[in-house]
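Have a look at the structure below, then the notes.
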Amino acid sequence: MSFSTLSEFLSVFERERDGLNAAAAATVRSLVAAALKIHREIAFAPRDDLATKGDTNVDGDVQRTLDILSDNLFLEAARSAPVAIYASEEQEAPVPLNDGVPLALAIDPLDGSSNIDANISIGTIFSILPVIGGREAEASILQPGNRQIASGFFIYGPQFVLVLTMGRGTHGFVFSQATQDFLLVHESLKIAPGAKEFAINASNYRHWSDPVRSYVDDCLQGADGPRGKDFNMRWIASLVAETWRILVRGGVFLYPGDKRANYAKGRLRLVYEANPIALLIEQAGGTATDTVTRILDIEPEHLHQRVPLVFGCADEVTRIARHHTEFGGIADRSPLFGNRGLFRT
């Protein structure tokens, strides 16, 4: 496959006889048009206006002005695409749209909105699925992630970025003001082996399970510990930015469940956050789990279902799974964990 722009890339799928691929490509074009409007709004609107807090959504998160604007724009984009069902973080239930078309769209219209006022990268995450049983059937949205036809995310940051998979590798595009098109900058991204960075919110250390503490303790010991090398720790609190960094630089991301109320199953949503990210990661040679189980094999039970999420370098994700499945042996060999962690007294 040879192409230099997003338009050329999508045209390859639009010419195929596979109607689902062609419909997915047309849907991505509609999503791009909506994302361009959001990109311009972010660039020119007063930042305080975009970050203004309003009501809470169905999942209890505070809605910002830009959350609502983004959801409205992507809903209208879906109406003009071959999308039968629209499911969003900001909607209580899936919204039926067009009759007789083949796709369902699950979307987080604005990931990382708590970072708006700090001028940190935010984005949009989307998942494209085949319709099952017509536009009224919630089953279309509640399919395991391995049924996705395409997934991707936009980043509204120093660069306006689209990361996309149509099931044939993960590709990175950057918007060019000169050409008004997305240019291919990373074809068939591959996550580097041998992670040297891990991303986790260390302020929650006291709430983590013992296996998560054990893994982090090992990393923090650096060259003096069982890993035999130094690690950098990152945390942006923007899933799209974390994912982009891992795709281009390697590493691993952890958002585990913990002991806090309502955090036992993590905080990220399976359908419109974990599943699309997991597909992108796997298409780039990485792995994504709920600490043990492959994300793309989990059967969703409801639209806003939460799930722990670990993804990145395949070897590192496997190591984290071992901390959970073989915890006793790992703890015995880790003097730091066996006695006291760096954050414990």
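The values are calculated or read from the model by the stated rules, or taken from the named source; none is laboratory data. Computed from a prediction, not measured in an experiment: that's the story for all the values here. Every residue, glycine among them, receives a Cβ derived from its backbone with ideal geometry; neighbour counts consider all protein chains shown. Just so you know, the surface numbers come from the protein's heavy atoms only, side chains and all, with ligands and any DNA or RNA stripped out. Shrake-Rupley method; radii C 1.70, N 1.55, O 1.52, S 1.80 Å.
Observations, loosely collected:
- Total residues in the range 268-288, condition over 18 Å from residue 86 (Cβ atoms), outside any loop (DSSP other than H, G, I, E, B) and open to solvent by less than 10 Å² (accessible area, probe 1.4 Å): 6
- Within the range 238-252, the set of residues being open to solvent by less than 50 Å² (accessible area, probe 1.4 Å) and under 22 Å from residue 174 (Cβ atoms) comprises 238, 239, 240, 241, 242, 243, 244, 245, 246, 247, 250, 251.
- Qualifying residue in the range 170-178 (condition: under 30 Å from residue 74 (Cα atoms), without any contact (Cβ under 8 Å) to a residue 24 or more places away in the chain and of a type in the set (Ser, Thr, Tyr)): yes
- All positions within the range 293-303 that are within 15 Å of residue 252 (Cβ to Cβ) and open to solvent by 40 Å² or more (accessible area, probe 1.4 Å): none
- Residue 125 buried (at least 20 other Cβ atoms within 10 Å of the Cβ), β-branched (Val, Ile, Thr) and either on the phi > 0 side of the Ramachandran plot or in contact (Cβ under 8 Å) with a residue 40 or more places away in the chain (or both): yes
- Residue within the range 150-164 that is of a type outside the set (S, T, N, Q), touching an Asp or Glu at 6+ places or on another chain (Cβ under 8 Å), outside any helix (DSSP H, G or I) and under 19 Å from residue 295 (Cβ atoms) present: yes
- Looking across 64, 40, 79, 47, one residue alone is of a type in the set (Lys, Arg), buried (at least 18 other Cβ atoms within 10 Å of the Cβ) and either over 16 Å from residue 26 (Cα atoms) or modelled with pLDDT of 90 or more (or both). It is 64.
- When residue 138 is tested against (1) touching a Lys or Arg at 6+ places or on another chain (Cβ under 9 Å); (2) crowded, with 17+ Cβ neighbours inside 10 Å; (3) among the charged types (D, E, K, R), exactly one condition is not met: (1).
- Residue in the range 21-34 that is charged (D, E, K, R) and surrounded by 14 or more Cβ atoms within 10 Å (Cβ to Cβ) present: yes
- Answer from 93, 106 - the residue that is of a type outside the set (S, T, N, Q) and open to solvent by 10 Å² or more (accessible area, probe 1.4 Å): 93
- Matching residues, the range 128-147, being outside any helix (DSSP H, G or I), within 22 Å of the chain's Cα centre (by Cα) and free of Cβ contacts under 8 Å to residues at least 60 places away in the same chain: 129, 131
- Within the range 153-168, the set of residues being of a type outside the set (A, V, I, L, M, F, W, C), touching a helix residue (DSSP H, G or I) at 6+ places or on another chain (Cβ under 9 Å) and on the phi < 0 side of the Ramachandran plot comprises 156, 157, 165, 168.
- Residues (of a type in the set (Gly, Ala, Ser) and either without any contact (Cβ under 8 Å) to a residue 60 or more places away in the chain or surrounded by fewer than 21 Cβ atoms within 10 Å (Cβ to Cβ) (or both)) located in the range 211-237: 222, 223, 225, 228, 237
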